[in-house]
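One structure is given below, encoded as structure tokens.
Here, each number is a calculation from the coordinates, and none is a lab measurement. Computed from a predicted structure; not experimentally measured. Neighbour counts are summed over all protein chains in view; Cβ atoms, including those assigned to glycine, are modelled from backbone coordinates with ideal geometry.
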Amino acid sequence: MLRCNIPISGFLFFCFLSFFVIASSSSSSTNRTKRAFPHRDASSLLLFKHKADLWNKLRFNSNKSSSFCQWWGVTCYGNRVVRLILEDLYLGGKLVPDSLNKLDQLRVLSLKNNSLTGSLPDFSGLVNLKSLFLDHNSFSGTFPLSVLELHRLRTLDLSFNSLTGPIPSGLVLSERLTYLRLDSNRFNGTVPPLNQSSLHTFNVSVNNLTGAVPVTTVLLRFGIYSFLKNPNLCGEIVHKECHQRTKFFTQSPPAKEAPPPSMSLGQIAQIGELSKPNHGKHIHSRLVVILGFLLGALILLISIACLIAAVKRRRDSKEREKGKESTAVVASDAAETAEVAAAIQMEQESELEEKVKKLQAAKSGSLVFCAGEAHVYTMDQLMTASAELLGRGTVGTTYKALLDSRLIVTVKRLDAIRLAGVGREKFERHMESVGALGHPNLVPLRAYFQAKEERLLIYDYLPNGSLSSLVHGTKSSRAKPLHWTSCLKIAEDVAQGLSYIHQAWQLVHGNLKSSNVLLGPDFEACIADYCLVALATNPPLDSNEDADAAAYKAPEARRNNNSLTYQSVKADVYSFGILMLELLTGKQPSKLPVLPLDEMMEWVKKMREECEKNGNWREDRDKFGMLTEVAVLCSLASPEQRPTMWQVLKMLQEIKETAVMEECELVMESTNSGSS
């Protein structure tokens, strides 16, 4: 038997050493795992930054994922993110799904005063969220229904965006809600009957809401100032009577006698026959009269048939006698007819062959639909659509096309000479970038086509015309001076679209003017012909440029007609300033003077006084003064002194917010004076 002489102290030391080695290896393994797999909150923040921070404003460092709690705007508790506050940081990207939604311990999320775009993602994963501030951005789409699943939510601010659709009635079930602002959007539909006693802040002003405002205890407490600038709202709270429309066909017509519904059509007919008066005693005499009439008619028909046969035989005999004389004439006529038929057939075949060649040339290219677009028509349908000329622009000609499916689209045929130096691959890359732009204030590009030198762009058709027609009128309609609220609304829409182009994609419009701003279904301003001048390598054929078109050009572009100078964000800002002055005064761009700020403001006032003869001008001239100041700042001669479009957008939103607050104060004063 083998005996061990190792002392007990040595054995204990060996055990301790083994435990230390195992613990150290386990700790190092854990550290390696942490380095290999960053914290999921850090991964979510990095994914958010990748899509929402296009200009690298956020101080997030992916190489220090273990210290993400020290990143800018991030507050942690127990190594989990509980607050994320990123305000006024010039963020210009999008909120992508599955990024912030995974921060399940987040209590406060504030992204206010940025320029984030796109639809709002799913927020259902933020189960502990209490405050959500997304106001003063450029979000589009509908109200995020996932917010209704956040049962701990108390504060929700989606104001000053471009959200559309109805306000969900499910908000009435958010019992903890204390703060709700949805103002300055494009919501439509009715106002939900909110009646949470906890709600102390509420505003849905400046939307497109309709119908009667529900009379609840809570909504009565807020009063009219929470519903301003919704012209189609009515009811006791907004002090406007609801006019009920007369309903036609509300009363059923007098009941007529009808057979039982279970009867068949044959049974109904049988009942009708049985219900006729009975004249049995005259049946025999009537039968005799009918038979006599039929016999007479038969004899007459036989006589007429015999007469026709005799006449035909006589005519045939005469034609046989003249047949020999007319044979030569008939032969010559037949030969001439054959020649004419052959000529017609050749002409038809040549036309058909030419059409086939054109169609084959068209098919040699490809109709490319932009990302996410449904293939609702083919190139053949587009080629055979009826077209109507809409106008000729800087880089091409625009048509209105009616497809077989009754779909109306706008087709822009690009000038082959102006785009002569643009290769196929360069054109495709550029159009992919332009087609990826998605904003409610941009006319969407749906598809494009190119084959040899033929290049077409397919856009949505907007039936309400252009801003130029609205401001200056058409041959059939005379323009009226726009109210300051309309000027502000249009300017803000255009600024939203331009800011999105500049920030989210670092592109430029290059050809902004009132004829390139179209009016959508709700008369929202949508920018057209954006980012196309970058493809134009050759100057236009007509060297005599239109005076109004030249007035939109920035001074640096007039001095040096360099395409790079002409295509700059500051040149777009200058064009926007001229567009605003055109809106405010109703004057053509070529008629606008170049004056210092004070003199320009006086000139605008004078123009408005000439246009408007009513008393409203005196009440609104302060608002026009603020808008004029923004327009003059944009149209300064020095590019360095002009603001960015993001700054311009914030100025316009501040003017709107100030005006809303002033109107609220006036309403409150009138309400208080009336009650006293």
Based on the Cβ-Cβ distance from Asp622 to Arg221, what FRET efficiency comes out when R0 is 35 Å, to the nearest 0.05? 0.65
For Gly165, residues with placed amide H under 5 Å, excluding near neighbours: Asn188
Using a basic spin-label model with each label point 7 Å from the Cα along Cα→Cβ, how many nm lie between Arg83 and Ser197? 3.0
J(HN,Hα) series, region 517-530, from Karplus relation 6.51 cos²θ - 1.76 cosθ + 1.60, nearest Hz, glycine and proline x: 10, 9, 9, x, x, 9, 6, 7, 7, 10, 7, 10, 6, 7
Within the set Lys513/Lys570; Lys412/Lys656; Lys57/Lys623, which residue pairs have Cα atoms separated by over 25 Å? Lys412/Lys656; Lys57/Lys623
If I model a spin label as a point 7 Å beyond the Cα along the Cα-Cβ vector, how far apart are those points for Cys306 and Asp460 in nm? 8.2
If amide H atoms are modeled at 1.01 Å from N in the peptide plane, then the residues at a separation of 5 or more from Gly396, or on another chain, having amide H under 5 Å from its own are Asp415
Once label points are set 7 Å from the Cα along Cα→Cβ at both Asp380 and His243, what is their separation, rounded to one decimal in nm? 5.2
Which FRET efficiency value, to the nearest 0.05, is calculated for Val594 and Arg392 with the Förster distance at 30 angstrom and r the Cβ-Cβ distance? 0.55
Note the full-extension length gain between Ala549 and Leu402 as 0.36 nm times their separation in residues minus their Cα-Cα distance, in nm to one decimal. 49.9 nm
Global form of region 359-461, assessed from the alpha-carbon gyration tensor, a/c cut-off 1.5: rounded
Name the long-range amide H neighbours of Val81: under 5 Å, sequence gap of 5 or more, or other chain; modelled H, no Pro or chain starts. none
